[in-house]
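A short worksheet on the structure shown next.
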Amino acid sequence: MGTKQGATGMGTEGERLEPNANANANTDANTDANANANANTNTNTDAAVGERRHLVGLAYRMLGSVAEAEDAVQEAYARWYAQAPERRAAIASPGAWLTTVLSRVCLDVLGSARVRRERYVGEWLPEPLPDGAEWAVGAAFPADPADRITLDESVGMAFLVVLESMTPAERVVFVLHDVFRYPFPEIAAIVDRTPAACRQLASSARRRVGAAPAPATGSAVVVREFRQAWEAKDIGALVGLLDPSAVLVADGGGLVSAVVRPVEGGERIAQYLALMAEKAPGLVLLERTVNGRPGLVAQRDGATATVAALDIVDGRITRIWAVRNPEKLGLWTAA
């Protein structure tokens, strides 16, 4: 009777335990596999989060706007977390994946931005960047997107203005290759072009950039003298500090008063600045770092009204970019 039961699969006590032992072994194997998958997911998630500073800096150089850069980065992360955990765990390089997605998002944004900027009132200028060490905006400031952007030559206002003249593809390829040193084969996969086509785009972009001059030594002194002359409404001193062919470009976005066309010539700029000082009594000028270089911030009643980036060559100011659009001055709200 007992033997027959064994033959039908009921078996003895030891035989009955063997399938359970196999099941336990499979459970343990599955648990180990799940643990490994979870570990990979957690590792990749940590790696992805660690890319945020790099991504914000990349997007700002591609878009020229901190707000748009942060939105683009948020979109890249949204697509990252929308994937199933096992798919994220299988991605060998989260940074490369996020860079690819972000670059494609920026390409789309640049395409639509060109249309929007054609309808923009007056001149469009990149959003200026402060130096966090100069702005006492509380403990929350280090979490601000702008604090994740390294202030080097690739965020200088002159450089960013030139980037605005490029096509979306030129700009993305140029920033990836010439600023962040990505190789052309990798860029080709990102922008869906051949490496040869990417080289052509980068070459075209370089011709637009030209030979950008190095930051002038002693520019902080020039900025200080310029501030003092502006405060004194000293037109003669202002003219002496401005290059005869200097150009001033203002961006009010149609929200505040600003010249809608560039002001050309040192004398005309000096007269314009003196007139501004006359019309805005109580204007306070602060020497501050703007996009990594000495610049000026104009405040009235404690509120930032203008952020001015300056280009200085051979001790004279050749370009002034005055950002007055309040939507671009959110990072400059406290000094």
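Rounded to whole numbers, the Karplus 3J(HN,Hα) couplings from phi for the stretch 172-177 are 5, 5, 4, 5, 5, 8 Hz, using 6.51 cos²θ - 1.76 cosθ + 1.60 with θ = phi - 60°, and x at Gly and Pro. Under the rule a/c < 1.5 gives rounded, and otherwise a/b versus b/c splits prolate from oblate, where does the stretch 229-295 land using the Cα gyration tensor? Rounded is the answer for the stretch 229-295, as its axis ratio a/c remains below 1.5.
Is the C-alpha gyration tensor of the stretch 172-250 telling us rounded, prolate or oblate? Criteria: a/c under 1.5 is rounded; beyond that, a/b larger than b/c is prolate, otherwise oblate. Taking the square roots of the gyration eigenvalues as a ≥ b ≥ c, the stretch 172-250 is prolate.
When you count the other C-beta atoms within 10 angstrom of each residue and take the mean per peptide, 265-278, 319-332 line up highest first as 319-332, 265-278. From the Cα gyration tensor of the stretch 208-335, with a ≥ b ≥ c the square roots of its eigenvalues, which class applies: rounded if a/c is under 1.5, or else prolate if a/b is larger than b/c, or else oblate? Taking the square roots of the gyration eigenvalues as a ≥ b ≥ c, the stretch 208-335 is rounded.
Relative protection proxy for 241-248, 123-130, 298-305, from highest mean packing down: 123-130, 241-248, 298-305 (other beta-carbon atoms within 10 angstrom). Cα centroids of the stretch 150-203 and the stretch 83-103: 22 Å apart.
Read the figures in this text as sums done on the coordinates, not as results from a lab. What you see is a predicted model, and the numbers here were worked out from it, not measured in a lab. With ideal geometry, Cβ positions are generated from the backbone for all residues, glycine too; neighbour counts draw on all protein chains shown.
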